[in-house]
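Reviewing the structure listed below.
A short reminder: the numbers here are calculations on the coordinates, not readings from a lab. Since this is a predicted model, take the numbers as computed values, not measurements. Note: ideal-geometry Cβ built from the backbone for every residue, glycine included; neighbour counts use all protein chains shown.
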Amino acid sequence: MIVGKVVGSVVATRKNANLLGNKFMIVEPFKGMNSQNGRIVAIDNVGAGIGEIVLVALGSAARIGCDMANAPVDAAIVGIIDHSIGLDG
Amino acid sequence: MIVGKVVGSVVATRKNANLLGNKFMIVEPFKGMNSQNGRIVAIDNVGAGIGEIVLVALGSAARIGCDMANAPVDAAIVGIIDHSIGLDG
Amino acid sequence: MIVGKVVGSVVATRKNANLLGNKFMIVEPFKGMNSQNGRIVAIDNVGAGIGEIVLVALGSAARIGCDMANAPVDAAIVGIIDHSIGLDG
Amino acid sequence: MIVGKVVGSVVATRKNANLLGNKFMIVEPFKGMNSQNGRIVAIDNVGAGIGEIVLVALGSAARIGCDMANAPVDAAIVGIIDHSIGLDG
Amino acid sequence: MIVGKVVGSVVATRKNANLLGNKFMIVEPFKGMNSQNGRIVAIDNVGAGIGEIVLVALGSAARIGCDMANAPVDAAIVGIIDHSIGLDG
């Protein structure tokens, strides 16, 4: 997983039917996090708002761990960080 | 998922039988998106045209979430973006 | 998926039994393709030769989409490109 | 897998229910390790503490290999390194 | 898959039970190979020794293709290269 900050969101009216009802948040990985150069669009599994520091799961973990095994989802916000040790941002 | 712009397409007459009937679009990830240095070829699950800004799912999410569990597909356009907050491009 | 050019091949006499009978081609991703810095070794699912421009599926899509669900294969050539729009190489 | 050093941890009170009971450690990959630019948040499967050198499994291996197939986990500390040959750090 | 050279190994006495009995080799990807910046720790499925040039499978292919579907393994040496065309190292 990586830690990042929710910095925005996107809306897609026309989309895959398995995505209905989801919110798509833009997450900026913390500097120093394993990030492949940039931002990720993640579904929100925990009610995160813009500005919050979140834990993001990537890959098959996002859809299977969030009870959306059949949705085309490869990233999900799965926690909101409230304490940390050694996290550089 | 990432957000990108559809910039082209490719045609492969000779291909894996499980890919028949698909369109292969070239997507340029938005600057600042998690992109591993470049463009992706994605199947089109929502009728996206060249120039449109789209949501792309990567990995097993692409084939399983688009009802193509047995096709060699690792990227799919799963939404067309019509509104956004905080999306840099 | 990504688009690349077949630039070589490797032979491994001693290998995992589930790989028997496969050809292992070296594919150079096109410049500007999502490539994580370099070449990939992919099995050949469509009879591609050196010098051909091909479509490569990565990850679980490669083995499941090519009817090799139990083989240690993470990349497969699944199409030979004959037309394209907007493909930089 | 990669080798890294445990450098911190994060706590998320509000999180996906399938993550309850886990510890989330921040792992800094060793220089020269396959790291996509940075740190990873991994669950701790072996009782690793801050400062220890660990083996981290990524992707579906993390959740399936740690008996958490339904949790949104994409990285797990699966071993504590006590000897090595040729490991640069 | 990628091609690399076995350059070392690690030992973890304390580890996930599903990893028992495996050897963990450090593989240095060949220059020009798709490598995300560095070395990988892979289990050895074919009896590779330090200095040998090997084929490495990544992701779920490593555990499923090596009959270790339930182990936290994301990389495996699955072949020893004895001939090649167009392989730069």
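Would you check which residues across segment E:31-42 are touching a Lys or Arg at 6+ places or on another chain (Cβ under 7 Å) and farther than 16 Å from D:Met33 by Cβ and list them?
Initial filter on segment E:31-42 (touching a Lys or Arg at 6+ places or on another chain (Cβ under 7 Å)): E:32-34.
Within segment E:31-42, E:Gly32 is the sole residue that qualifies.
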Worksheet item: Is one or more of the residues making up segment D:62-81 under 10 Å from the mean Cα position of the chain (by Cα) and surrounded by fewer than 24 Cβ atoms within 10 Å (Cβ to Cβ)?
Response: no
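For segment A:10-21, enumerate the residues that are buried (at least 19 other Cβ atoms within 10 Å of the Cβ) and not in a helix (DSSP H, G or I).
First pass over segment A:10-21, keeping only residues buried (at least 19 other Cβ atoms within 10 Å of the Cβ): A:10, A:12, A:15-16, A:18-19.
Of everything in segment A:10-21, those that are buried (at least 19 other Cβ atoms within 10 Å of the Cβ) and not in a helix (DSSP H, G or I) turn out to be A:Val10, A:Ala12, A:Lys15, A:Asn16.
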Discussion item. So, in segment D:1-41, exactly how many residues are under 25 Å from E:Ile2 (Cα atoms) and more than 7 Å from chain A (Cβ to nearest Cβ)?
Written reply: 12
Item to complete: Scan (1) buried (at least 20 other Cβ atoms within 10 Å of the Cβ); (2) over 9 Å from the mean Cα position of the chain (by Cα) for the single condition D:Phe24 breaks and write down its number.
Response: (2)
Worksheet item: When only residues in segment A:44-89 that are touching a residue at least 60 places away in the same chain (Cβ under 8 Å) and part of a loop (DSSP other than H, G, I, E, B) count, which is farthest from the other protein chains (Cβ to nearest Cβ)?
Response: A:Gly89
